[in-house]
Amino acid sequence: MATHAHAPTTSPPADPTRTAPPRRGFDSLDVETRIDALPVEGRLPSWLSGSLLRTGPAKWEVGAQQMRHWFDGLAMLHRFAFADGAVSYANRFMHTRAWRAAAESGQIEYSEFATDPCRSLFQRVTAMFSPKISDNANVNLVKLGDRFVAMTETPIPVQFDARTLQTAGVAYDVPGMLTTAHPHMDRASKGMLNYAAKLGPRNSYRFFLVHPDSSSPRTIASKPVREPAYMHSFGLTERWLVLVEFPYVVNPLALALSGRPYIENYRWRPERGTRIHLFDRSSGEAVGPFQTDACFGFHHVNAFEAGDEVSIDLCTYPDPQIVQDLYLESLREGKPIAPATLERFRVNPASRAVARERLVEEPIELPRINYGRCNERRYRYAWGVGSASGWLDRIVKADLERGDSAVWMQEGCYPGEPVFVAAPGAQREDEGVLLSVVLDAGEGSSSLLVLDAATLSEIARAAVPHHIPFGFHGQFARE
Ligand SMILES: [Fe+2]
């Protein structure tokens with residue numbers, strides 16, 4: 001849209017097609033770079049010391065072939081390292097086996113979320129005996145003890161060197177075929193809790209704990225299941241592991257034999273409703289399921305116990321249409337995506353009742369909280385990205401006590417997940433900064449935005465010389 005010399009004094013009516021997904025964020029990035037000091041506007045907090053590490057898809061074309069979905073792009077790591085009021089930047093492709101095979105053959109060699117290179121029956125049968133499970137760890141990363149681990153939803157967590165961004169190998173075993181890239185930290189052991197689905201003649205949901213210096217997880221809870229649901233994350237309270245089983249389910253035989261890409265084997269069965277399972281963290285005992293109406297979601301925000309109830313906060317959608325919305329063809333055509341609702345599910349295990357309430361009006365996705373202080377506990381604030389234009393175009397701070405929200409936005413700018421970093425000695429839950437990679441669609445390049453987490457006012461911005469493709473998750477690591 002052309003800019004006008006005389007801006008109107010009132011906001012123009014929202015036009016959902018006007019700024020819907022800016023294509024630039026879905027362009028592959030081939031440049032790998034290291035920059036000692038990015039140009040900074042404003043002043044970085046002098047206390048901000050450590051690295052924002054992020055993973056995300058960065059290459060959707062391999063030779064003449066094309067990945068089909070946002071989630072399929074080959075993983076790239078990004079690091080913004082802060083010290084003494086300055087920030088450096090580096091990025092590097094993960095040299096996973098999926099990346100290496102693509103680089104060597106010039107073709108997509110591994111199956112991704114919605115892309116499956118196995119075309120012929122012969123190739124499929126061969127793959128069954130020698131499965132080429134992708135290790136394309138483009139979803140999230142965690143620090144486990146001294147190790148940095150990037151992950152996707154296949155059982156191959158990939159260790160990397162946070163300083164050089166070099167890929168190092170498989171971090172630990174996963175007791176199943178499917179898992180999440182959203183583990184939780186176990187406060188007591190400093191280990192990591194995650195979910196896995198074991199598939200075979202008998203299928204089960206499992207939770208496992210990996211100790212900080214171990215590669216062999218311990219399964220701490222499990223439950224048989226006939227048709228596992230697609231679950232991207234789970235919840236944790238002081239007592240419970242929380243599995244919210246959306247009715248988007250798969251017949252494991254179809255996964256092995258259908259010839260369809262992974263996610264296209266899942267079926268929407270709203271008549272099943274949404275089933276909430278609680279697993280006791282110390283005994284492994286499972287209670288539930290507790291049933292409510294059908295919905296879909298990727299992200300748990302937080303969960304906690306309050307009196308007789310367990311509160312479980314989620315970003316929800318009425319159905320899995322969002323999975324379709326995120327196919328590249330649709331995004332690159334500028335079609336809008338479904339907005340997510342921040343909802344609280346209050347489960348009473350004794351009465352089996354499940355109550356649901358919307359917490360704020362503003363849509364919110366890629367949610368973050370003050371994790372160190374509030375995870376498993378009652379909390380007040382969540383931050384995320386919201387959408388009014390049909391794509392993620394604003395940073396939202398949700399006040400769950402007051403039920404309202406504040407917004408940061410700028411015309412033509414598209415922020416990613418806002419990562420909360422607490423200020424040293426912080427008293428308040430929202431005392432700190434948010435770090436978010438923002439694409440300026442007009443400039444065609446990205447910058448790192450630093451906001452005051454309490455007020456959403458801008459503190460500083462550091463410009464990267466190129467665009468950073470839209471990604472998912474990252475973590476701040478103090479060094
Ligand atoms: Fe996620």
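The values are calculated or read from the model by the stated rules, or taken from the named source; none is laboratory data. Owing to the predicted nature of the structure, the values given are computational and were not obtained by experimental measurement. Note that we place each Cβ from the backbone using ideal geometry, even for glycine, and neighbour counts take in every protein chain shown.
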- prompt: Quick check: anything in the range 198-214 touching a residue at least 60 places away in the same chain (Cβ under 8 Å), in a loop (DSSP other than H, G, I, E, B) and within 16 Å of the ligand (Cβ to nearest atom)?
  reply: no
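Quick one: which residue in 265, 251 is over 29 Å from residue 141 (Cβ atoms), surrounded by 15 or more Cβ atoms within 10 Å (Cβ to Cβ), polar (S, T, N, Q) and more than 16 Å from the ligand (Cβ to nearest atom)?
Values: 265 fails: over 29 Å from residue 141 (Cβ atoms).
Within the list 265, 251, the selection yields 251.
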- request: Output the residue which, of all residues in the range 300-345 that are small (Gly, Ala, Ser) and more than 15 Å from the ligand (Cβ to nearest atom), is farthest from residue 71 (Cα to Cα).
  value: 307
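If you take just the strands (runs of 3 or more DSSP E) that sit entirely in the range 346-455, which of them hold at least 1 residues that are under 19 Å from residue 47 (Cβ atoms) and either within 16 Å of the ligand (Cβ to nearest atom) or touching a residue at least 12 places away in the same chain (Cβ under 8 Å) (or both)? Spell out the reasoning first.
On the way: elements: 353-358, 365-368, 381-387, 392-399, 404-408, 413-415, 419-422, 432-440, 445-452.
By residue number, 419-422, 432-440, 445-452.
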Scan of the range 47-70 for residues that are out of contact with any Leu (no Cβ under 7 Å at 6 or more places or on another chain), modelled with pLDDT of 95 or more and not in a strand (DSSP E or B), ordered by number: 47, 48, 49
- prompt: Does at least one position in the range 266-275 carry a residue that is in a strand (DSSP E or B), closer than 24 Å to residue 193 by Cα and in contact with a strand residue (DSSP E or B) (Cβ under 9 Å, 6 or more places away or on another chain)?
  reply: yes
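For the range 80-100, indicate whether the set of residues that are assigned to a helix (DSSP H, G or I), buried (at least 22 other Cβ atoms within 10 Å of the Cβ) and in contact with an Asp or Glu (Cβ under 7 Å, 6 or more places away or on another chain) is non-empty.
At the first step, the residues of the range 80-100 found to be assigned to a helix (DSSP H, G or I) are 97-100.
Of the ones still in play, those that are also buried (at least 22 other Cβ atoms within 10 Å of the Cβ) are 98-99.
Pick out the ones that are also in contact with an Asp or Glu (Cβ under 7 Å, 6 or more places away or on another chain) and you get 98.
Yes, the range 80-100 has at least one match.
Per-residue answers, yes or no, for (1) loosely packed, with under 14 Cβ neighbours inside 10 Å; (2) of a type in the set (Lys, Arg); (3) touching a strand residue (DSSP E or B) at 6+ places or on another chain (Cβ under 6 Å); (4) modelled with pLDDT of 85 or more:
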residue	(1), (2), (3), (4)
117	no, no, no, no
121	yes, no, no, no
126	yes, no, no, no
130	yes, no, no, no
136	no, no, yes, yes
141	no, no, yes, yes
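Residues in the range 136-156 that are β-branched (Val, Ile, Thr), more than 13 Å from the ligand (Cβ to nearest atom) and within 21 Å of residue 187 (Cα to Cα): how many? I'd like the intermediate steps shown before the answer.
Of all residues in the range 136-156, those β-branched (Val, Ile, Thr) come to 139, 142, 149, 152, 154, 156.
Applying the additional criterion that residues be more than 13 Å from the ligand (Cβ to nearest atom) yields 149, 154, 156.
Checking which are within 21 Å of residue 187 (Cα to Cα) leaves us with 149.
Within the range 136-156, residues that are β-branched (Val, Ile, Thr), more than 13 Å from the ligand (Cβ to nearest atom) and within 21 Å of residue 187 (Cα to Cα) number 1.
Here is a list: 233, 258. Which entry is within 25 Å of residue 326 (Cα to Cα), touching a helix residue (DSSP H, G or I) at 6+ places or on another chain (Cβ under 9 Å) and of a type in the set (S, T, N, Q)? Please lay out each step first, then the result.
On the way: 233 fails: touching a helix residue (DSSP H, G or I) at 6+ places or on another chain (Cβ under 9 Å).
Only one candidate qualifies: 258.
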- line: For residue 41, the lone unmet condition from (1) more than 24 Å from the chain's Cα centre (by Cα); (2) in a helix (DSSP H, G or I); (3) charged (D, E, K, R) is (2)
message: Could you list, ordered by first residue, the pairs with Cβ atoms under 6 Å in which the first is in the range 69-83 and small (Gly, Ala, Ser) and the second is not in a strand (DSSP E or B), at least 6 apart or interchain?
response: 73/60; 73/67; 75/94; 75/136; 75/137; 75/138; 83/49
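If I filter the range 367-423 down to residues being aromatic (Phe, Trp, Tyr) and in contact with a Pro (Cβ under 8 Å, 6 or more places away or on another chain), which single residue comes out as farthest from residue 333 (Cα to Cα)?
The qualifying residue farthest from residue 333 (Cα to Cα) is 383.
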Where residue 256 falls short, out of the listed (1) touching a residue at least 60 places away in the same chain (Cβ under 8 Å); (2) in contact with a Leu (Cβ under 9 Å, 6 or more places away or on another chain); (3) farther than 19 Å from residue 377 by Cβ; (4) part of a strand (DSSP E or B): (4)
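Yes or no: the range 160-170 includes at least one residue that is of a type outside the set (A, V, I, L, M), under 19 Å from the mean Cα position of the chain (by Cα) and within 16 Å of the ligand (Cβ to nearest atom). Can you show your working first?
At the first step, the residues of the range 160-170 found to be of a type outside the set (A, V, I, L, M) are 160-161, 163-164, 166-167, 169.
Right, trim to under 19 Å from the mean Cα position of the chain (by Cα) and you get 160.
Within this subset, residues satisfying the condition of being within 16 Å of the ligand (Cβ to nearest atom) are none.
Scanning the range 160-170, I find no residue that is of a type outside the set (A, V, I, L, M), under 19 Å from the mean Cα position of the chain (by Cα) and within 16 Å of the ligand (Cβ to nearest atom), so the answer is no.
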query: What number of residues within the range 215-253 satisfy the criterion of being within 22 Å of the chain's Cα centre (by Cα), among the hydroxyl-bearing types (Ser, Thr, Tyr) and part of a loop (DSSP other than H, G, I, E, B)?
result: 3
- request: Take the residues in the range 456-479 that are within 16 Å of the ligand (Cβ to nearest atom) and small (Gly, Ala, Ser), then tell me which one is surrounded by the most Cβ atoms within 10 Å (Cβ to Cβ).
  value: 474
message: Suppose we filter the range 277-299 for residues that are more than 16 Å from the ligand (Cβ to nearest atom) and assigned to a strand (DSSP E or B); how many remain?
response: 11
message: Pairs please, first residue from the range 168-191 and within 20 Å of residue 239 (Cβ to Cβ) and assigned to a strand (DSSP E or B), second anywhere and within 14 Å of the ligand (Cβ to nearest atom) and hydrophobic (A, V, I, L, M, F, W, C), Cβ atoms under 9 Å, 6+ apart in sequence or on different chains.
response: 184/234; 185/142
- line: Output for Cβ contacts, cut-off 7 Å, separation at least six or different chains, first residue within 22 Å of residue 379 (Cα to Cα) in the range 232-251, second away from the ligand (no atom under 14 Å from the Cβ) and not in a strand (DSSP E or B), reads 236/375; 236/376; 237/376; 238/376; 239/281; 240/281; 241/281
